[in-house]
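*Asks:* Below is the structure I would like to discuss, written out as structure tokens.
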Amino acid sequence: MKMVILPPSIAMRILVCIFCLGVCAPARSLDRDRRLDQLYHTGWTQMEGAPGEVHALAQTTDGYLWLGAATGLFRFDGIRIERYTPQSGQAFPQRNVASLFAVPDGGLWVGYWYGGVSFIKNGTVINYEKDDGIPPRAVLAFARDRQGTIWIAAGKDGLARLEGSRWKKVGTDWGFSGEAYSLFVDHAGTVWVGTPTTVAYLVEGGHRFRVAAQHLKPFVHSFSEAPDGILWMAEGGYGVRTVPLSGKNSGRTGPAVLVGSLAIAFDSQGSLWITSAGNGIRRVPYPERLHPPKVRGPSAWMFHNAEVEAFTQKDGLTSDYVYSVLQDREGNVWIGTSGGLDRFQQTPVVSLPLQPISHRGALPIPSLSSFTASAIAADAHGGLWAAGRGPEVLLNIQDDRIATQLRDQNVDCAYRDLDGVVWVATWRSILRISDERSDLIRPKPGTVAYKYHSVEPVGQGQTLRQIDLPKAGGITVSEQSRVKALTRDASGRLWISTESGTFRLERSSWTSLESLGGPRGTANAEFTDSSGKIWFGFANQVAMLDGNRLRLFAAKDGVQVGTITTIQGRGANLWIGGEFGLESFDGSRFHPIAPSDGSAFDGVSGLVVDSEGGLWFSDNRGIIHISESELRQPAYGKVEFESFGVQDGLTTELRGPLASPSSVRTEDGRIWFATMKGLAWINPNRIVRNSVPPPVLIESVIANGKRYDNSADLTLPPRIANLQIVYTATSLTVPERVRFRYKLVGQDNEWQDVGTRREAFYTNLGPGSYQFRVIACNNDGVWNQAGTVIRFDVRPAFYQTITFRILCGIAIITTLWLFYLLRVRHIEQRQLERNRAEEMLRQARAELARMNRVSTMGELTASLAHEIKQPIGAAVTNAEACLRLINRDKPDLPEAREAALEMVKDARRAAEIIERVRSLFREGSCSPQERVDVNEVIRDMVVMFLKEADLHSVMIRTHLASHLPHVMVDRVQLQQALMNLMVNGIEAMRETTGELSIESQLGQDSRVLISVSDTGIGLPAGKVDHIFDAFFTTKSQGTGLGLAITRSIVESHGGRIWANANSGPGATFQFTLPITEGDGK
């Protein structure tokens, strides 16, 4: 191969590369000032579902992370690692994946160890094998030039490119021959190829490769371009360095990392990530500052450089043999190893493991894993003092490392005053640390505070010095009497709270808070505000000392947080926290601060105010932040808040109220927290938010247990009893916090907020067209409002088709018509039966009435006989007179004729009486309704009853209205009604004489009113409502049917009957009858 000098135009890439890379830079980048061990690391092995070895990594435009392994191709959405099976059902030619390459159109190229290539897009696979021109050996690398042409490096089979649908070998006609192990296209479109010992390049639009470097150590496995446009390479036999561009000199005097590497990559911040074959992962935060190696040992694999960070299997990496590295679009860095998959990401919280050293710095203390922070305090130099238990040491932390260590310090409490002086309390002493000295205050003389007896430096020019304290004031200190809180007032006097009480050191004695009017007991929190007031926190009680004036706040003043563990303030603002919540002080009383999500702040401790006025503290769920704008809400308001836990980098449990204090703010703005395994910090000013909306994808549709591809024209069978839609969102930063909302158009009226669930379930979907829409937000609440949608149809079953519905409609109409006909027939039959029943009832009533009349007439036999006897006797007398007149010698015909006429008249009168009686007795007697003169009927009935009334010494009187309108009635039934009432009246007066009065008149409602009154025994007491009931009687021989029949007759004629007791003896029965239309008075 001919060697040439690289043209000057290539150098122009340096001027434009920063812009080009900036456009494609991930939104959430890794801070290269943060150490590698301070990045949050997560590993996936076979136990978590990852393949055993991850040879290659790629991320497609849909957000999926693809893993190439010896066991196949896998896909990862942040939650599930699954073996990929194409939706089309097409099989892959092999399983052993050697390389992956994602292209901008959403496709993925897959290269195999034993030759062959697959291209995956939209669930469809195109396989390229030997017949398509693919080299038979392993496809180790892909590249895509700016014209869209795909290149592959196939090791000893050299280089090939895709032209149309076939692969063409790149040979001597391109100025290239030999082997190819790596490929790369830089920002200028230049194609770079790594061979065993050379680097060749092809400028954009060119047709002949040129040599950029030669005589390299085999093999050139990988390329990566720095933000400044410089190309770096992984030279297997030497290390990682920039590509020599002279074309003549491959000298190794420049910066390099002497580690054998298979892959390298620059992240968006410019840090260089380097894989290694046995030494884990390396990171160079500032490659541009990298110096040439000073030592070249016999083994480049074991080289260490202070400018290079390492993370190995001992630190938690899944394996020290690393194959691949990739930064995703959210800024996370992924590592593929022989043991699985690893992720590095920048989280808001950094957990800082501390490694106290043994005496004279010989070895780390063996009990490192049990180191628990008991108290922390910020110093004046941006560092931190941290005390721990097991081992009992006091550490000064500078730049996240131990700068000074004091052994055998069992510290209970730490405090930094307004002058920057740090006070540290143990059960034996109080240590004062400042720029000038560190004073040991010993309330109990004769004890040793630490094992260094001479004055020794503690860093930053600080020294230790011992002074004695007076024993006056009654304060006693023992190993069981721990210091709970410290503060210093505006006069410089120290306040200390122990289980013996709360005391102030003044001159040469102690003064108790109780003696000043304060509560008895231990103050668990103390705070001196900017105005000089001192605040003490007890159990549901706060004491405030302003000079010599003390004020107490209790439940009546709003203090309801239980045991107060922390007090903090800035300016006029003051907050308290305790086991049951958080409260703010408005100058007169305390008010609760509650989360807006309905939860509660429990176990509050370590209140800290940041530079923006926001509030930070720890509670049972982790680290809590409330912004200054939320704190300005009115009292009793709900506040929005942020919480930071394990997924945010807090890898161990917070100490909370068990440390005093449990959190502090250092000079650089970071907020530190005491944990069970050391410390953790968060920098409010440098929290990186994830601004990338997560791509939302629908993975599958499962209907009645059968899986369907999420194709655009999905049609489901009828009768869908159970439908399951599996969806996901490919946010890889904190996928556990990705939240979803979905809506099935055609079924759901509102969006369903389902939290982190990635499946939707529906039952008994009817036929029709549906649209399933789903949206998602990432871990920082950035929503992808567009989301994704899948449309599908549910086919109707035969009984759900229009034809079936029409047939059913016809059948229903026919059935209803038949039911109608049957109903009509049934109604007619019932009507006929009803008519028959009514006729039978009418006949029965008529027969009953007739029998009633017979019974009544039987009682009137004597009266009727008398009535008939008179006309008959008169007729007989007239007949005899007529015979005498005829038998005279000279017949007196005129007189005889007169006598005969009288006889005829009497006979007719007798016949009328007999006919009237016969009509009452006649079976079924029922004359048609006719216009009847009521007065005439009354008179006839009076005539009929005169003899009966005489027999019972009853006088009958009538008061009949003149010109009374006619009524339309059955004459016989009206006679019977009157007869029944008159008989009852006469019988009521049988034991005594009396008067029966019959009246007729026109009522107020234009009805004829008939009244029958007697002066008899009256109505039965308490039974007036039953006298018209059938079979009700007060007579020993009565049937109880007379009045019931009378009511039936009256009501059948449209009238009404009732009875009233007279003011004197007797009763009055009245009934009305409607007048005939057209009649008047």
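Just so it is clear, none of the values below were taken in a lab; they were calculated from the coordinates. As the structure is a computational prediction, the values presented were derived from the model and not from experiment. No Cβ is skipped: glycine too gets one built from the backbone with ideal geometry, and neighbour counts run over all protein chains shown.
*Asks:* Please compare each pair in Lys156/Lys217; Lys121/Lys169; Lys484/Lys533; Lys130/Lys169; Lys130/Lys168 to a cut-off of 22 Å on the Cα-Cα distance and tell me which ones are over it.
*Replies:* Lys121/Lys169
*Asks:* Quick one: what are the phi-derived ³J(HN,Hα) couplings along region 813-823, Karplus 6.51/-1.76/1.60 with θ = phi - 60°, whole Hz, x for glycine and proline?
*Replies:* In residue order, the calculated couplings are 4, 4, 4, 5, 5, 5, 4, 5, 4, 4, 5 Hz.
*Asks:* Okay, moving on. Using 0.36 nm per residue of separation minus the Cα-Cα distance, give me the extension gain between Ile402 and Thr71 in nm, one decimal.
*Replies:* On the way: separation 331, 0.36 × 331 = 119.16 nm, distance 4.56 nm.
Gain on stretching Ile402 to Thr71: 114.6 nm.
*Asks:* Additional query: Determine the equivalent ellipsoid of region 801-846 by diagonalising the alpha-carbon gyration tensor, then write out the semi-axes as square roots of 5 times the eigenvalues, largest first, rounded to whole Å.
*Replies:* Over the Cα atoms of region 801-846, the ellipsoid semi-axes are 43, 5, 4 Å.
*Asks:* Measuring from the lowest to the highest alpha carbon on each principal axis, how far does region 51-128 reach, largest first, in angstroms?
*Replies:* That gives 29, 27, 22 Å along the principal axes, largest extent first.
*Asks:* State the extension gain, in nm to one decimal, for the chain segment bounded by Ile702 and His826, taking 0.36 nm per residue of separation less the distance between their alpha-carbons. Mind showing how you got there, number by number?
*Replies:* Numbers: separation 124, 0.36 × 124 = 44.64 nm, distance 5.40 nm.
Working it through step by step, the gained length comes to 39.2 nm.
*Asks:* Could you give the distance between the Cα centres of region 942-978 and region 581-631, to the whole Å?
*Replies:* Cα centroid to Cα centroid, the span is 103 Å.
*Asks:* Remind me, relative contact order of region 876-1034 in percent, using alpha carbon pairs under 8 angstrom and six or more residues apart? Before the final figure, lay out the partial values.
*Replies:* Working: 181 pairs, mean separation 29.1, N = 159.
Reported relative contact order: 18 percent.
*Asks:* Could you calculate the FRET efficiency of Thr149 with Glu82 from 1/(1 + (r/R0)^6), where r is the beta carbon distance between them and R0 is 35 Å, rounded to 0.05?
*Replies:* On the way: r = 32 Å, r/R0 = 0.91.
Plugging the Cβ-Cβ distance into 1/(1 + (r/R0)^6) gives 0.65.
*Asks:* Next question. Whole-Hz ³J(HN,Hα) for each residue in region 413-418, computed from phi via Karplus 6.51 cos²θ - 1.76 cosθ + 1.60 with θ = phi - 60°, x for glycine and proline: what do you get?
*Replies:* The phi angles translate into 7, 9, 7, 10, 8, 5 Hz.
*Asks:* Shifting gears a bit: With a cut-off of 8 Å between alpha carbons and a minimum separation of six or more residues, what is the relative contact order of region 944-1011 in percent? Write out the running numbers ahead of the final one.
*Replies:* Numbers: 67 pairs, mean separation 30.0, N = 68.
In percent, rounded to a whole number, it is 44.
*Asks:* Val969's amide H: which non-local residues (gap 5+, or another chain) put their own amide H closer than 5 Å, with H modeled 1.01 Å from N in plane and none for Pro or chain starts?
*Replies:* Glu930, Val932
*Asks:* Sticking with this one: Give me the percent relative contact order of region 144-237, please, defined on Cα pairs under 8 angstrom at least 6 residues apart. Don't jump to the answer; show the numbers that get you there.
*Replies:* Working: 208 pairs, mean separation 17.9, N = 94.
Computed value for region 144-237: 19 percent relative contact order.
*Asks:* So if we plug the beta-carbon distance of Ser596 and Ala572 into 1/(1 + (r/R0)^6) with R0 = 25 Å, what FRET efficiency do we get, rounded to 0.05? The partial results should precede the final answer.
*Replies:* On the way: r = 24 Å, r/R0 = 0.97.
Once rounded, the FRET efficiency stands at 0.55.
*Asks:* Expressed in nm to one decimal, what extension gain is obtained for the pair Arg589 and Glu1077 from 0.36 nm per residue of sequence separation less their Cα-Cα distance? Don't jump to the answer; show the numbers that get you there.
*Replies:* Numbers: separation 488, 0.36 × 488 = 175.68 nm, distance 9.11 nm.
Full-extension gain reported as 166.6 nm.
*Asks:* Please list, in order along region 602-607, the HN-Hα scalar couplings obtained from phi with the Karplus expression 6.51 cos²θ - 1.76 cosθ + 1.60 (θ = phi - 60°), rounded to whole Hz, x for Gly and Pro.
*Replies:* With the stated coefficients, region 602-607 comes to 10, x, 6, 7, x, 5 Hz.
*Asks:* Still on this structure, I have one more. Using only the Cα atoms of region 927-1081, what are the Rg and Dmax in Å?
*Replies:* 15.0, 46
*Asks:* Looking at the square roots a ≥ b ≥ c of the eigenvalues of the Cα gyration tensor of region 746-824, which shape do they give, rounded for a/c under 1.5, prolate if a/b is larger than b/c, or oblate?
*Replies:* Details: a/c = 5.01, a/b = 3.47, b/c = 1.44.
Prolate is the answer for region 746-824, as a/c is 1.5 or above and a/b outweighs b/c.
*Asks:* Here's another thing I want to ask about it. Amide H of Thr426 versus every other amide H placed in the peptide plane: which residues, excluding those fewer than 5 positions away on the same chain, fall under 5 Å?
*Replies:* So Thr426 has HN proximity to Asp412, Leu431.
*Asks:* Would you grab the residues whose amide H sits under 5 Å from the one on Leu1041? Only those 5+ places off in sequence or on another chain, please, with H modelled 1.01 Å from N.
*Replies:* Phe1031
*Asks:* Another question, then. Where Rh is the Kirkwood radius over the Cα pairs of region 82-192, the temperature 10 °C and the viscosity 1.306 mPa s, what D in µm²/s does Stokes-Einstein return?
*Replies:* Approximately 112 µm²/s, per Stokes-Einstein.
*Asks:* Pull up the DSSP beta bridges for region 683-810 and report the antiparallel fraction as a percent, rounded to 5. Can you show the working numbers first?
*Replies:* Numbers: 35 of 38 bridges.
Restricted to region 683-810, the bridges split so that about 90 percent are antiparallel.
*Asks:* Quick one: order Leu744, Leu216 by neighbouring beta-carbon count within 10 Å, fewest to most.
*Replies:* Numbers: Leu744 17, Leu216 23.
Fewest to most other Cβ atoms nearby, the residues stand as Leu744, Leu216.
*Asks:* Can you sort Cys413, Cys882 by how many other beta carbons sit within 10 Å, fewest first? Before the final figure, lay out the partial values.
*Replies:* Values: Cys413 25, Cys882 20.
Listed from fewest to most nearby Cβ atoms, that is Cys882, Cys413.
*Asks:* Moving on to the next point. I need the calculated FRET efficiency for the pair Ile914 and Thr958, taking r as the beta carbon distance and R₀ as 41 Å, to the nearest 0.05. Can you show the working numbers first?
*Replies:* On the way: r = 24 Å, r/R0 = 0.59.
Result of the calculation: an efficiency of 0.95.
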